[in-house]
1. With respect to the cross-link table entries 40/190; 64/193; 60/190; 64/198, which display a Cα-Cα separation exceeding 27 Å?
2. List, largest first, the extents of the alpha carbons of the range 7-195 along their principal axes, each in whole Å.
3. Measure nothing fancy, just the Cα-based angle from helix 53-83's long axis to the longest principal axis of the chain, in degrees from 0 to 90, nearest 10.
4. What is the extension gain from residue 57 to residue 35, computed as 0.36 nm multiplied by their sequence separation minus the C-alpha to C-alpha distance, in nm to one decimal?
5. Please compute the alpha carbon radius of gyration of the range 1-97, then divide it by the globular-protein estimate 2.2 N^0.38 Å. Two decimals is fine.
6. Tell me the chymotrypsin sites (Phe, Trp or Tyr not before Pro) within the range 1-49 that lie in a loop according to DSSP and have at most 12 other beta-carbon atoms within 10 Å.
7. Roughly how many nanometres apart are two label points built 7 Å out from the Cα toward the Cβ at residue 182 and residue 43?
8. Using the crude model of +1 on Lys and Arg Cβ and -1 on Asp and Glu Cβ, and no other charge, please compute the dipole size for the range 7-195 relative to its Cα centre, in debye to 20.
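Every read-out reported here was derived from the displayed coordinates using simple, explicitly stated rules and does not represent laboratory data. Since we're looking at a predicted model, the values are computed, not measured. In this analysis, Cβ positions are derived from the backbone assuming ideal geometry, glycine residues included, and neighbour counts consider all displayed protein chains.
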Amino acid sequence: MIGATEFYPTTSGLNAILWVEAVIYLGIGTYELFDDFLAKPRAWMNIDNRPNSYLMLHHKVGHKMHAGLCFVLGMVALNGALEGMVTRFELELIFISFAVILPVLWSTLLPGRLGVTVLLLKPEFWLQGLMLIFYSDLIRPQILALCLAFNIWGVVVYFLHTRRTLISPYEYATLRNDVIAAEGPAAVTKFDKIAGFKPAPERSGRPISQ
């Protein structure tokens, strides 16, 4: 563990991780902070044939908070990459940032192949793993324990809430029907591809010729 006022020179491995974080999260955060005139109402936000302001504002608050977290994470990573050294607090801030994101992934893990694929495509899944394996000895044990506790909480929520209440019964067909109900049949196509689901062909309804 490094001291509170010490600087840790970035190794080539840590520098690579910091640059990946900076590009991904600073890019996401910057875009989402300034996408106000580009974002359009989702299908489920329409009630009585017009966008519902309450639903749009409710979604926007969460969207902007996500943008803020990504921007801060990206800025911390960029600073460390440019300076060539990091403090213990900066490393701990990176650890905690990933630790508050990962429980969301654990607790919203989708059924079947879709869930595994989505999880493996999330950069924070791999980045947190690399940080834990190679750099967890640089931060305070209390912070490491806090990060692990957050991750465990996400797993607990997955088993005791998501599988029992949020997606019930917990199978792809349930999620698929909900997506169609919220966004329309066209929106479920990408889910079907990732999940490896092939919908049954629709019957034409025409009588078979004798």
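1. 64/193; 64/198
2. Result for the range 7-195: principal-axis Cα extents of 57, 38, 28 Å.
3. Taking the Cα atoms of the chain, the angle to 53-83 is about 30 degrees.
4. This chain segment gains 6.5 nm when fully extended.
5. That ratio works out to 1.44.
6. Passing both the DSSP loop test and the Cβ count: 34, 37.
7. Spacing of the two 7 Å Cα→Cβ label points: 1.2 nm.
8. Magnitude of the dipole: close to 480 debye.
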